[in-house]
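**Q** Take this structure first; my questions come after.
No lab work stands behind these numbers, since they all come straight from the coordinates. Fair warning: this is a prediction, and the values are worked out from it, not measured in the lab. Backbone-built Cβ (ideal geometry, glycine too); neighbour counts: all protein chains shown.
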Amino acid sequence: MGCENSKMEKCEKKDKSAEAIESNEVAHPHMEEESEPLTVSPRQKELILENWQLLVDNISNVGVITFMNLFETHPDVQDVFMPFKGLSQEELRHSKELRAHGLRVMGFVQKVVARLDEPEKSEQLLKELGKNHVMYGAKIDYVDLIGPQFVYAVKPSLKEHWNDEVEEAWIQLFKYMASIMKAAMLETNNCQEKNSTKS
Ligand code: HEM
């Protein structure tokens with residue numbers, strides 16, 4: 001896996017010791033040559049598409065609740081977002097910025113949902129998003145936190161449309177998204193490190 005840096009060079013393949021350190025830091029299927037990349041099964045795609053239709057009209061609330069839950073359970077993540085640093089739960093609930101941010105994130109989920117049968121397109125988008133998140137100051141491990149909070153946010157409103165299979169389908173979709181984002185973040189970190197040791 002190569003990466004572009006400011007000098008438009010390719011990062012060379014990492015040496016074994018660096019790989020060992022990284023594999024402890026984040027277990028990533030794209031990094032392990034023997035294992036298959038994470039995918040969403042045809043049945044899971046079907047369930048996600050059905051479920052999304054039921055959620056889409058209320059998606060801006062889903063975004064707010066997802067992030068409020070995330071900040072409540074992981075206050076350190078709230079501090080990564082400059083506009084939300086130090087805000088109380090009540091202030092967050094009414095924050096226009098949080099609503100706008102939630103909508104951006106949910107809009108991205110929608111893009112992935114709309115491209116479930118075109119994985120090469122969503123992978124490209126997710127790689128770019130992962131690279132951007134290094135700039136935003138998000139830690140690699142934070143990316144895994146969103147899926148469970150999304151599930152927690154949507155579950156109560158879906159009542160009879162919710163079951164274990166649906167929950168697993170959403171969790172799998174977020175794992176899939178996170179796996180690609182994290183690989184791109186790791187690659188960006190490696191390239192930045194390599195460039196800083198060169199100069
Ligand atoms: C599945 C997981 C996630 C998705 C789909 C996602 C999506 C997005 C999107 C679409 C944006 C708007 C800017 C852009 O397109 O680059 C954004 C911005 C941002 N994200 Fe994420 N994100 C995720 C996880 C996280 C996590 C866990 C953090 C924790 C620190 C985070 C921190 C940020 C920050 C700081 C910004 C910039 C502020 C802003 O645009 O409002 N993101 N994210």
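**Q** Dividing the alpha-carbon radius of gyration of the stretch 39-81 by 2.2 N^0.38 Å (N being the number of residues), what value is obtained?
**A** Its radius of gyration relative to the 2.2 N^0.38 Å reference: 1.55.
**Q** Net charge near Val113, counting Lys/Arg +1 and Asp/Glu -1 over other residues with Cβ under 14 Å of its Cβ?
**A** Taking every Cβ under 14 Å from that of Val113, the sum is 0.
**Q** Calculated FRET efficiency, Val80 and Thr197, Cβ-Cβ r, R0 35 Å, to nearest 0.05?
**A** So, using R0 = 35 Å, E works out to roughly 0.85.
**Q** If you don't mind, another one. Find the centroid of the Cα atoms in the stretch 85-116 and in the stretch 36-67, then give the distance between the two in whole Å.
**A** Taking the Cα centre of each part, the stretch 85-116 and the stretch 36-67 sit 15 Å apart.
**Q** Right, another one. So, in nm, how far is label Glu46 from label Glu97 when the simple model puts each one 7 Å beyond its Cα toward the Cβ?
**A** That separation, rounded to one decimal, is 4.5 nm.
**Q** Let me ask another. Taking a 26 Å limit on the Cα-Cα distance, which of the listed pairs Lys159/Lys182; Lys45/Lys85; Lys85/Lys139 fall beyond it?
**A** In this structure, Lys159/Lys182; Lys45/Lys85 exceed 26 Å between Cα atoms.
**Q** Also, quick follow-up: Using a 7 Å offset from the Cα along the Cα-to-Cβ direction at both Asn132 and Asn189, what is the distance between the two label points in nm, to one decimal?
**A** 2.1 nm
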